[in-house]
Amino acid sequence: MAGSGHGSGGPPPSSPRYRYLDLLFALLGAAAFLADLVADLWVASSYMQAGHCLWGGLVLALLGLSSLAMQFFSWAWYQTDDIEQDLPSGRCLAVVHLLQLGYLYRCLRMLRVGWRVCRAETAPQQERGYAVFLSHDISMLRLFETFLESTPQLTLALAIVLHTNKVELFQGLGICTASLCVAWSLLDYHQSLRCFLLDKHELGPLSSTIYFLWNFFLLCPRILAVALFATLFPCYIGLHFLGIWAAMLLWVWLQGTAFMECPRWEWLYRATVAVILYFCWFNVAKGQTRQRSAIYHGFILVDSVLLAGFWLWYNTPLRELSYLRPVLLAALLCSGLGLLLRITYYQWLHPTLQTRRQESYDEVDTAEGLAGFRAGPAPAPVNTRMYQLSQNHFLLSLQAGRNQGNGVLDDMSL
């Protein structure tokens with residue numbers, strides 16, 4: 001099975017469609033990646049020229065570590081995916097990834113395949129499925145890059161601005177674009193998950209907006225709290241990160257993830273997810289997640305309040321930084337609004353609970369054949385890594401809908 005993780009079994013779902021809009025987003029995503037790379041190099045060189053070698057080195061270190069992780073995931077997936085497509089030899093793929101070009105190679109390959117599919121009036125299902133397959137892997141790699149590089153760099157930039165009490169042009173633009181890129185990456189990932197649902201469950205404009213906003217409103221206060229603490233205790237923020245990251249890594253391990261084919265590679269995935277959980281919620285396992293989500297958000301809220309509280313206590317009264325009073329108040333309001341929008345999303349805008357019997361879909365009550373998911377014979381390649389995550393997010397909700405009909409969700413998975 002193409003792209004299968006050892007946690008997924010049974011027949012694969014049928015492949016979603018690939019449209020010109022998907023091709024446009026793929027092109028914009030590749031362009032954004034290149035623009036972000038140029039911006040990172042510009043920021044690092046600006047710090048270096050100003051004599052701040054440590055700041056410039058941190059930017060480059062985050063860029064390098066993120067690139068290494070992305071290349072490894074991309075290469076590992078090529079090793080385990082069984083896809084009948086024109087791929088270079090294993091040695092050529094290894095060289096491409098060693099040169100840190102694996103992600104760009106995937107983007108170019110997806111653009112070529114996607115253009116061929118969109119131009120053909122009746123594209124073969126194999127070709128159509130392969131275009132969607134590639135887009136899902138790129139969406140996942142983009143999510144990893146966002147939380148391994150963009151979010152930490154955003155936190156670093158904000159901490160530097162607070163430390164120097166001034167904003168350079170490149171810093172302001174970098175902070176704004178990075179914030180939007182982080183939230184957009186989450187939205188793109190969520191849309192990829194919904195591709196495996198029936199058309200009536202796909203993400204609409206209203207639900208897309210609400211999903212974007214509640215992620216944005218919950219993530220920004222967390223980044224601000226970490227940045228404030230970093231300006232006060234720059235030597236201890238690393239210990240704080242390692243402590244929270246280790247706790248999240250243990251939590252992910254206890255949930256028994258099975259995303260990668262190789263158990264040793266699975267630990268890299270868990271470590272990456274632990275970094276994501278340092279900043280925001282990410283569901284990795286099937287089951288009733290309301291309790292897990294409540295525990296996580298409560299823990300992160302308390303931690304963020306403590307970080308900001310330490311900074312506020314050491315900097316009272318706020319004379320030179322008086323502008324931060326409304327900022328801190330706005331951050332608190334953003335957290336409350338984000339939680340409210342999250343509840344709104346899962347109460348009224350989550351995939352429809354009521355399921356219907358349709359002749360073109362298998363309604364066997366199993367993980368892979370549950371009504372609400374695309375199912376049935378699928379000769380086209382299906383990205384079962386993303387399909388497995390889609391089940392983690394939606395399966396229990398759709399099961400509840402099948403048993404209860406229309407009603408309130410009992411499962412609050414991301």
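The values are calculated or read from the model by the stated rules, or taken from the named source; none is laboratory data. The shown structure was predicted, so the numbers you read here are calculated from the model rather than taken from an experiment. Note: ideal-geometry Cβ built from the backbone for every residue, glycine included; neighbour counts use all protein chains shown. The area values use the complete protein model at the heavy-atom level, side chains included, leaving out ligands, DNA and RNA. Shrake-Rupley method; radii C 1.70, N 1.55, O 1.52, S 1.80 Å.
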Cα-projected label distance for Asp86 with Leu104, points at 7 Å along beta-carbon direction, nm: 2.2
Of all accessible heavy-atom area on region 20-356, the percent that carbon and sulfur account for (1.4 Å): 70
Extension gain from Val302 to Gln79, taking 0.36 nm per residue of separation minus the Cα-Cα distance: 76.1 nm
With all protein chains modelled, accessible area of Cys53 [1.4 Å, Å²]: 80
Accessible surface, per residue, of region 20-356 when the full set of protein chains is kept, probe 1.4 Å, Å²: 47
Accessible surface ranking that places the most exposed of Lys166, Lys286 first, with a 1.4 angstrom probe: Lys166, Lys286
Region 20-356 - Debye-derived log10 I(q)/I(0), Cα point model, q = 0.11, 0.14 Å⁻¹: -0.79, -1.28
